[in-house]
Structure formats: structure tokens, C-alpha cells
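What follows is one structure encoded as C-alpha cells, with my remarks underneath.
The values are calculated or read from the model by the stated rules, or taken from the named source; none is laboratory data. Because the structure is predicted, anything quoted here is derived from the model rather than measured. Every residue, glycine as well, gets a Cβ built from its backbone with ideal geometry; the counts of neighbours run over all protein chains shown. With ligands, DNA and RNA removed, areas are computed over all heavy atoms of the protein, side chains included. Shrake-Rupley method; radii C 1.70, N 1.55, O 1.52, S 1.80 Å.
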Amino acid sequence: MSKYNKDDIIRLVEEEDVEFIRLQFTDIFGMLKNVAITASQLPKALENRCMFDGSAIEGFVRIEESDMYLYPDFDTFEIFPWRPQQGKVARLMCDVYRPNREPFEGDPRYVLKRVLKEAEDMGYAFHVGPECEFFLFHTDDNGRPTTQTHEMAGYFDVAPIDMAENVRRDIVLNLEEMGFGVEASHHELAPAQHEIDLEYMDGLTAADNIMTFKMAVKSIAKRHGLHATFMPKPKAGVNGSGMHINMSLANLSDGTNAFADPSDKLGLSKVAYQFMAGILKHIKEMTVLTNPLVNSYKRLVPGYDAPVYVAWSASANRSTMIRIPSSRGESTRIELRCPDSAVNPYLALAACLSAGLEGIRNNLTPPPSVDTNIFAMSDEEMAERHIDQLPETLGEALEHFEGSEFVKNLLGNHIYTKYLEAKEEEWKKFRAEVTDWEVEEYLYKF
């Protein structure tokens, strides 16, 4: 049931002295965009009459077909509490439509909504709880970001060792004022690294909130004179930033957790095993969506608490790509640990859900649970247990992505083609670069 209608939003804007409304949408690479309007233009926007130039957005449309329309989702109306309290600023997440009033196939939000409808047709609702990690660094004298920090805090440290505790608290309080459910926040393993875990919510709200979360974190960090980055691995020699995704399905018939079965020795239902098997089957094809940057694969290396092996564990084994947290009953869920914080959440969540639904439809069975440390296994042991490895580079991930019928069907031809072209160009540019490491390693030797 909807929270708001047109009249509700117009009334709230008047009562709360909202002066600007950001009509927000996301490009195929997960970059947040917006068209800002004044309150006087709000009725027009709520009637889906706000137009923008789609040819100006990378991966959208050509210049000769550039007119696009924004359709606000009324239930996403939120006021930004970190902005001025007089002449406030609010946001509405939007779907992108063509002039013929058909959904634009290049809109990532449309991709996720389409897969959520498939789940609904199968009798399920998709629930997600993201664990968002990021770094807070100093800026230089010109306000440009650096990778410098004065702190040396580690996992779960507190102030005064955790020098950014007040920044993180400010972020959490602002998020809660916007209606976000924040489950926990803490300092992460690396100096200047932080994690904020959001409560469980439906899949579309989760993707919308991840986009707003990133904007909020960056905006509030800037107020404190810091730069927040969701780059997966901004510094060598320390852990990178992931975005673990906790997932489950709920039965639409009665609202119960479709992953729970107390009669199973692990407390997991057949649906949970099938869903997990679907993700394990397709993870290498969709790794470009869960780990989208050249830099993403600097995080996915052994020794830095990031999973590199295609396996699952029913225990607390964090060397596997999927683990089953210990909570059972209505809290039963799976945790996918390979995605990083640079993802486009709409495409990443759509990929996870689509792969899981395929696992259910095709009655797939996952391999046996791996409950020992894979990092300590020999190559022979891993081969005996048929433990595969995630792609090691963006180039390798693209080889699995290219030609994948699963990914093509998921994304549609428009996003599939544009995304592949852009990522191949990114990989090509990286391969042509000469890095500082290469100069240090080879210049004096050869």
C-alpha cells in the first residue's frame, strides 16, 4: 500500500518549507543523477511531465532520440535533514520513460522492478539487508580528496582511537531522521574504514536507499572536512570495502520466511538451497555487476578478508563467497560477501534475485557446504572439492559476462551492450597504463 499520493507530497512540501526537490535517477554504472526543481514545479513533476536530455547520460540514448521523462515514485519522498532547515531540499526517486510513455529499457530501476515482478508471480517478495563499507579520508588544501588519515583504529575500536566516531554518528542520526532503519555501525578493520548496516527491507527500497545512503555519507563527511569514498580498494596493503548483501524471500501468501525450515538439519528450506545454487551457478557471469571496476579485483585477493572462492558455508566460515548467518526462523537468510561498494545496486540486486529464481525454477542443488578455511587449502584439496574461484581481473570477468544468455536476458540488449562496451573500454585503458608499481619494480632492473 502506498505511503503518499500527490496531495500528500504537495502538502508536505508546503508544511515543511521545502524549496527544492531533486528528481533522482541512476545511470547504468550506478552514478546518481538528478534534475532539481523548485516547489512551484512540483505539480508538473508529479504528473510525469518533467523532461530531460537522455543523450547527456552515458549509456542512455543517442542525441537523435534524447527526450526522456521522469516518473517520480511518490513513496520515495524524503527531506534531506543535513540541508538548511529553511528552504529545505527533498528527493523523489524516479523511473525513466520514453516519450511514448513506455518504460526506458536502459533504466536500471526498471530492470530490478521487472525481476521483482517475476518473484511476485512466483509467490515471493525479495528482502535485502545491505552492509555498507566506506573510507573517510582527509582532503588537501584545495579540498581535493586524498588517501591520508591520521587514525590507526581497527575493527570495532571506539573513540578516541576511532577519530571519526562523531562523523559516523552524525551520518546514522541523519539517516534515521529520513526513516532509514540502521541496524548497526562500527569502525571496520582498516584505518579510516567504516561500516553501517541497514535493516532489512524490500528489494526496491534497498536499492533506492543504497543510492541515497552514498549521497548522505559523502555530504555529511564533507561537512566534517573529510572525503568519503566507496572505491573498493583505495589503498594497497589494507582491506578493501565490500557491500555484503543479506537476502531472503518471503512467501506472499502468509508473509513467512521462505528460506526457513526447522525440520532441516541446517534450518534451511528447499527454496533456500535452490536460490543459493542459482547464485553459485551464475556468479562468474554476473561478477562484473557485483564488482564493476578495475579496482574491484584488487580487493578480491586472498589475505584481506574478501571472498575469492565460489563456495558456501553453513557456519561462520568467512572464506566462502556465501555464508549462512547463525540466525534462524524468520531471520534466516543468506549473505553474499563478494559485492563491493561501487556496485549499481539496482543491477546487482536484480542479478542476485534473477539467479536465485532460476535456481528455484530449475530445482538446482548447491554443492556441499565448505566449513573449513579455504585460504588454508592446497590447490589439490580445492580441486578435489570442486571449489572454483571468482574472476581475478575485470578482463576475466568480462570474458564470463560476454555471451552470457543469463546476463543478456536479465539486462536486456540495451544495457547489456552499453555496459559491455564501456567496461571493455575501461579494461583497455587500464591495460595501456604504466603504474607506479611497474616503474618501481622494473625500471632499475631492465
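Just a few scattered comments:
- Residue 298 being in a helix (DSSP H, G or I), touching a residue at least 12 places away in the same chain (Cβ under 8 Å) and either open to solvent by less than 10 Å² (accessible area, probe 1.4 Å) or over 28 Å from residue 73 (Cβ atoms) (or both): yes
- Search result, residues across region 198-230 that are farther than 24 Å from residue 73 by Cα and over 12 Å from the mean Cα position of the chain (by Cα): 220, 221, 222, 223, 224, 225, 226, 227, 228, 229
- Pair list, Cβ under 9 Å, 6 or more apart: region 422-433 residue aliphatic (A, V, I, L, M), other residue open to solvent by 60 Å² or more (accessible area, probe 1.4 Å): 422/58
- Filtering 354, 313 for residues that are small (Gly, Ala, Ser), at pLDDT 95 or above and open to solvent by less than 50 Å² (accessible area, probe 1.4 Å) leaves a single hit, 354.
- Per the conditions (1) in contact with a Leu (Cβ under 9 Å, 6 or more places away or on another chain); (2) surrounded by 24 or more Cβ atoms within 10 Å (Cβ to Cβ), the sole criterion not satisfied by residue 304 is (2).
- Residue 53 being acidic (Asp, Glu), in contact with a Gly (Cβ under 7 Å, 6 or more places away or on another chain) and exposed (fewer than 15 other Cβ atoms within 10 Å of the Cβ): no
- Comparison of 362, 344 shows that the only residue that is of a type outside the set (Asp, Glu) and open to solvent by 60 Å² or more (accessible area, probe 1.4 Å) is 362.
- Residue selected from region 22-44 under the condition among the β-branched types (Val, Ile, Thr) and within 24 Å of the chain's Cα centre (by Cα), by the criterion surrounded by the fewest Cβ atoms within 10 Å (Cβ to Cβ): 35
- Pair list, Cβ under 7 Å, 6 or more apart: region 355-383 residue closer than 30 Å to residue 405 by Cα, other residue part of a loop (DSSP other than H, G, I, E, B) and among the charged types (D, E, K, R): 370/385
Conditions tested, residue by residue: (1) surrounded by fewer than 19 Cβ atoms within 10 Å (Cβ to Cβ); (2) assigned to a loop (DSSP other than H, G, I, E, B).
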site	(1), (2)
105	yes, yes
111	no, no
120	yes, no
130	no, no
133	no, no
147	yes, yes
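- For residue 271, the conditions (1) in contact (Cβ under 8 Å) with a residue 12 or more places away in the chain; (2) within 30 Å of residue 194 (Cβ to Cβ) all hold with the exception of (2).
- Residues in region 14-71 that are assigned to a helix (DSSP H, G or I), of a type outside the set (Ser, Thr, Tyr) and modelled with pLDDT of 90 or more: 14, 15, 39, 41, 42, 43, 44, 45, 46.
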